[in-house]
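The values are calculated or read from the model by the stated rules, or taken from the named source; none is laboratory data. For clarity, every value in this text was computed on a predicted model and none was experimentally measured. For neighbour counting, all protein chains shown are included, and Cβ atoms are generated from backbone atoms with ideal geometry for every residue, glycine included. When the accessible area is computed, the model is the full protein with side chains, heavy atoms only, and any ligands, DNA or RNA have been set aside. Shrake-Rupley method; radii C 1.70, N 1.55, O 1.52, S 1.80 Å.
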Amino acid sequence: MQHINHIVVHATATKEGENFTALDIHRWHLQKGWSGIGYHYVILLDGTIVPGRPEYWQGAHVKDHNENSLGVVYVGGLDKNGKPKDTRTDEQKEALNCLLYELKQRHTDAEILGHRDFSKDLNHNGIIEPSEFMKDCPCFNAKEEYKHI
């Protein structure tokens, strides 16, 4: 893997409270024709951090930005009706904070972003606004929330 420029936070786009595993995500990604799970880490509902793709393998989680990034996903991201929502449990929030801190210690100049932060600035004003998000993922402002790390 190349130098890591970004640590990217994702949501699985599954409904709040529905429990899925790294193996489930691995199967979903195989069904898409990928070589397996595209994320490097998965955070389960109970806050357990499960390794996905090894860090030395290029991820498959942000089109055109996989070569220099690590992907971290939490299970959830949709409300009971399938609409985008920050569904992180307290345990997931704590685990995500700890994992990002650890990753940032190893990749000191990597920027922590949400998947949505890779959207295009369609109106060219220098700001990627909510109306320009290609996806809502991870359904909260990861760039702002983790800027202290």
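Some values worked out for this structure:
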| item | result |
| --- | --- |
| The stretch 64-105 - residue that is open to solvent by less than 10 Å² (accessible area, probe 1.4 Å) and of a type in the set (S, T, Y) and, of those, farthest from the chain's Cα centre (by Cα) | S69 |
| Residue within the stretch 39-56 that is over 18 Å from R88 (Cα atoms), among the charged types (D, E, K, R) and free of Cβ contacts under 8 Å to residues at least 12 places away in the same chain present | no |
| I112 being aliphatic (A, V, I, L, M) and surrounded by 21 or more Cβ atoms within 10 Å (Cβ to Cβ) | yes |
